[in-house]
1. Does the range 109-120 contain any residue that is assigned to a helix (DSSP H, G or I) and more than 23 Å from ALA259 (Cβ to Cβ)?
2. Only one of ALA8, ALA39, ALA14 is closer than 22 Å to PHE382 by Cα, hydrophobic (A, V, I, L, M, F, W, C) and in contact with a Pro (Cβ under 6 Å, 6 or more places away or on another chain); which?
3. Among the residues of the range 250-300, count how many are in contact with a helix residue (DSSP H, G or I) (Cβ under 7 Å, 6 or more places away or on another chain), hydrophobic (A, V, I, L, M, F, W, C) and in a helix (DSSP H, G or I).
4. In the list LEU361, LEU390, which residue meets the criterion of being crowded, with 22+ Cβ neighbours inside 10 Å and free of Cβ contacts under 8 Å to residues at least 60 places away in the same chain?
5. Taking strands (runs of 3 or more DSSP E) that fall entirely within the range 149-225, which contain at least 3 residues that are within 13 Å of HIS236 (Cβ to Cβ)?
6. Identify all residues within the range 252-284 that are within 20 Å of the chain's Cα centre (by Cα) and either among the charged types (D, E, K, R) or assigned by TED's automatic domain parsing to the domain that holds TYR83 (or both); write none if there are none.
7. Can you pull out every residue in the range 314-340 that is among the small types (Gly, Ala, Ser) and surrounded by 15 or more Cβ atoms within 10 Å (Cβ to Cβ)?
8. In the list ILE294, ILE356, ILE336, which residue meets the criterion of being more than 15 Å from the chain's Cα centre (by Cα) and aliphatic (A, V, I, L, M)?
Amino acid sequence: MIKSILIANRGEIAIRIARTARRMGVKTYAIRTKKEPNAVYLSSVDEILDFPETDGSVPEFLDIPNLVKLAVDNHVQSMHPGYGYLSENAEFAAACRDAGVVFIGPSPEVIRAMGDKIVAKDIAHKCGVPMLGGTLGGIPDAESAVAEANRLGYPVIIKAASGGGGRGMRICRKESEVKQMYELATSEARTAFNDPTVFIEKYLENPKHIEFQVVADKYGNVVHLGERECSIQRKHQKLMEEAPSPALDDELRERMATAAVNLAKAANYESLGTVEFLLDDNRNFYFMEMNTRIQVEHPVTEMITGLNLVELQLLIASGEKLPVEQKDVRLEGWAIECRINAEDVQSGFVPSIGMIRNLRLPSDNRIRIDSGVRIGTEITPFFDSMIAKLIVHGKDRADAIELALHSVEHFHVMGVKTTIPFCKAVLHNEVFRSGNFNTGFIEHDLKSLIYKEEHEELIAALLAVSTYNHDNDFSGDVDADMAEQPMDPWVLQKRIRHL
């Protein structure tokens, strides 16, 4: 069994990994950076390692040589990349292996193969996984792009062969757009992934985005842990997820799961992985890509299966066989995850920078909160804007929606703007509640990006008066407690609701 682990990540995922590793008796190490010298995640590990002085040209969690050196110099046995950063970087996995450090994830060869969408499409095609029509190789120039687009028929999408997250992707709905979109896609792919290669495939308008969690050991055992519904997204970025999906019945779930497992086996996969599909209105599904890491949304799978996915990662990396077989996996209840980001929704989801001055979290044995912040945490422009994940588990979908709504109503952050009002708007929306939504939900079905509370304008006015009175040391006819300190907005809201 692995005895020590360096977590090459930060925030809530570092805390989540450390919690499981320590419970398993694995010594944990975290990396302290000058950008976050007092970060919350540092208190979750056994030992803290300071990132070495550099010229700053490469961000700390992308600096492969120094990350590996930290592990080697401190005799740390393994490296967990979390998600994002270098989690799907084959060179990082190879550098760890070359240095004798166990990489918690697939082999460099598998990461490289599945990270190249052209290679991944070829593997999927050979093992019979349904595919959208398109090219199996890269497009060498704009003229070839036009020819392929005309052959496929519009609309088409140009995609970067490497990377993800919506970068290097351009939709073309007519021939006159193809050359410009080809140049934009290749340029963005070169900048983001250092690889300008792109391919073209038929574009599916507003499908559902369904992904299957698979887990595989070194001995050829592969099981799936059900699906996650990821269609609530903006510009290809997921905002809320749930498990299972309201779109799948047992028959469709079995067909999609079989395709996911077959793909993992064909790729000689090991560790956690996610096979992503697009689902059209006629219940036809198509392979999109495979993510070779733990996902941000993994908690919803943990909620409905009762399995600890980080524990499975560590067991597999230690050479253990999978502790579960397919017949052991049961999907119980329904889980929903809301990503709480420090973003100003009304200004186009731009990051909100500042200090968290107050924080109140909902509490219930059916609620899980994965967070990397506390009161006093500074939200900086240096890192991802996600500050917490709110996950609930209900007996069915309706119960989970009501519990999620109750939870976001009792999730309060002061000091920065967050996506909580957006989550409320989604959970109140009748199309979302019906389960009949797709990736076009925000554009077509959500009338407002935020949900306004009842009496919201009155609350804001009274808060302004309260703050003015406090700042001017004016007591007048207000309550004694209001004269001494600014009115708590949540207490005030409760009072107004009882008017």
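The values are calculated or read from the model by the stated rules, or taken from the named source; none is laboratory data. Small disclaimer: the values here were computed from a predicted structure and weren't measured. In this analysis, Cβ positions are derived from the backbone assuming ideal geometry, glycine residues included, and neighbour counts consider all displayed protein chains.
1. So far as the range 109-120 goes, no, none of its residues is assigned to a helix (DSSP H, G or I) and more than 23 Å from ALA259 (Cβ to Cβ).
2. ALA8
3. Adding up the residues that qualify gives 2.
4. LEU390
5. Output list reads 156-160, 169-172.
6. The one that is within 20 Å of the chain's Cα centre (by Cα) and either among the charged types (D, E, K, R) or assigned by TED's automatic domain parsing to the domain that holds TYR83 (or both): GLU276.
7. Result: ALA317, SER318, GLY333, ALA335.
8. ILE356
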